[in-house]
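Trainee: First the structure, then my questions, so here it is.
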Amino acid sequence: MFDFYLRVAIYFFSFLLCLFGLNALNFNRFIRQGKVMQAQVLYFILAASLSYLLGSFFMSMIYYFYKG
């Protein structure tokens with residue numbers, strides 16, 4: 001049960017970290033006029049994908065060092 005809560009916390013933290021990091025990019029240069037909704041969906045998908053990769057990396061590092 002602790003493993004589940006650890007995974008949720010790590011993925012949530014990595015999602016917030018990815019949202020923070022994506023704020024540094026200027027997406028306005030790549031967005032067409034009137035396509036704000038599609039840009040927001042793309043932004044969310046990018047953040048979710050990056051957070052999954054980052055969270056999986058953190059989890060594998062924790063398991064590697066913890067289980068040795």
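The values are calculated or read from the model by the stated rules, or taken from the named source; none is laboratory data. This structure is a prediction, so every number in the text was calculated from the model and none was measured. FYI the Cβ positions are ideal-geometry reconstructions off the backbone, even for glycines, and counts take in every protein chain you see.
Trainee: Given the options G34, G55, name the one that is out of contact with any Cys (no Cβ under 9 Å at 6 or more places or on another chain), modelled with pLDDT of 90 or more and outside any helix (DSSP H, G or I).
Mentor: Values: G55 fails: outside any helix (DSSP H, G or I).
Criteria check complete, one pass: G34.
Trainee: Within segment 1-57, can you find the residues that are among the polar types (S, T, N, Q) and out of contact with any helix residue (DSSP H, G or I) (no Cβ under 7 Å at 6 or more places or on another chain)?
Mentor: Looking only at segment 1-57, we keep the residues that are among the polar types (S, T, N, Q), and these are 14, 23, 26, 28, 33, 38, 40, 49, 51, 56.
Scanning segment 1-57 gives N23, N26, N28, Q33, Q38, Q40, S49, S56.
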